[in-house]
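Beneath this line is the structure, given in structure tokens, with notes to follow.
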Amino acid sequence: MTSRARLHGIVEGFAGRRVVVFGDLVLDRFVLGTPKRISREAPVIILRFEEQRDVPGGAANATANVASLGGSALPVGVVGDDEQGASLLAELRARGIDVSGVGVTQGLRTVTKVRLLAGGPASLKFQVARYDIEAHLPVEAPGHQALTAALASLAPSADAVAVSDYGYGAVTGSAVARLRGQLRSGVPVVADSRYALAALATVDGVTPNLEELESAAGHVLRTDAQVAEAAEALRRRLEARFVLATRGSHGMTLVEEHEPPRHIPVYGTDQVADVTGAGDTVLATLTLALASGATAAEAATLADIAGGIVVMKLGTATVSRDELHRGVDLAAFLHD
């Protein structure tokens, strides 16, 4: 089992590591309000508006997590020439992130997930509704030319690449394969793809959640052994180095070539506050750790701890390097 000292050393190595985050940039918008009464127009709660919070979501959240952990985050994606796109870029810049790899596409709607949260002045807010503003980037769209140019510019200096595919069109299998040829030898590429894992067969590792792994396997996975078997089948199909399956309250399962499966316990409590964006945190931490010289098992352990920390925060959130250090100290399944 990996020691705490080794993990602390890896986390310290995050500083300045250049991680290209290629994927679907999303704006997560939270509208907070206090319940007033039931409407006379329809059986719905009327909220008194309090405030609106905009935070990076999707690949932009993975980018924000790389930055909060001390890495040099280099997002590559597209936004629309709209208010939401401008807000997302402003949020990234406010975190000290270089957005030169983000293209602004005229006429494209920035993908925005709007969550309505309600609660009293002294209570926690809870989500009562959500609506999504969605747009798909066509393969022939000019935005893909900007993505190709940005990847070609940033790839040669990258220490690692995180691919965050939410299915909105920024990521294609051909783009990832082309990117692979632009990287220095040994630079890891890790992908999180909601719908197109099979198209990303040139990556080193993938991070499916249980639902995505079951979809790839074609059946329900009920035991550790079944999860490990399905993850290994996926790894072989992709010819990847590893698959890290995230399993919520059951922790994570890692399979690697020539290694027995490793089941990593959930960090902290299984009573979570909010899972929004947890997969982005896992992807960012895992990729940054690999860029810092961690083995897949070490990187997966740190990703497990980071995921356990972020699900105790409300809304789309990030984990800091100091928080990850504290998590390593507190993880009951580690030794000194």
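No value in this document is a laboratory result; all are computed from the given coordinates. Here the structure is a predicted model, which is why all the values come from computation and not from measurement. Every residue, glycine as well, gets a Cβ built from its backbone with ideal geometry; the counts of neighbours run over all protein chains shown.
For the peptides 212-223, 313-324, 136-147, the ranking by mean Cβ contacts within 10 Å, running from highest to lowest, is 313-324, 136-147, 212-223.
Straight-line reach from LYS113: taking Cα to Cα under 12 Å and skipping same-chain neighbours fewer than 8 places apart, the aspartates and glutamates in range are ASP28, ASP54, ASP132, GLU134.
Computed on the Cα atoms alone, the convex hull of the range 50-123 gives a volume of 106 cubic angstrom per residue. The calculated 222 nm mean residue ellipticity attributable to helices in the chain amounts to -10500 deg cm²/dmol, summing -39500 (n - 2.57) over DSSP H runs of n ≥ 4 and dividing by all residues. In straight-distance terms, cross-link reach from LYS36 covers every one of the lysines whose alpha-carbon lies under 22 Å from its own, apart from those fewer than eight places away in the same chain; here that gives LYS125. Put simply, when 68-81, 36-49, 281-294 are sorted by average Cβ atoms within 10 angstrom per residue, most first, you get 281-294, 68-81, 36-49. Counting charges near LEU92 (Lys, Arg +1; Asp, Glu -1) among other residues having Cβ under 12 Å from its Cβ returns a value of -1. Suppose R0 equals 41 Å; then what is the FRET efficiency for ALA225 and HIS8 from their Cβ-Cβ distance, rounded to the nearest 0.05? Computed FRET efficiency for ALA225 and HIS8: 0.80. Mean-square fluctuations from a GNM of the chain, with a 10 angstrom spring cutoff on Cα atoms, peak among ALA158, ALA231, ALA90 at ALA90. Relative contact order of the range 158-309: 20 percent, from C-alpha pairs under 8 Å at least 6 residues apart in sequence. Only Cα sites of the range 180-336 enter the Debye sum here, all with the same form factor; the resulting log10 I(q)/I(0) across q = 0.09, 0.16 1/Å is -0.26, -0.87, listed in q order. Assuming charge only on the beta carbon of Lys and Arg (+1) and of Asp and Glu (-1), the dipole of the chain about its Cα centre is about 460 debye to the nearest 20.
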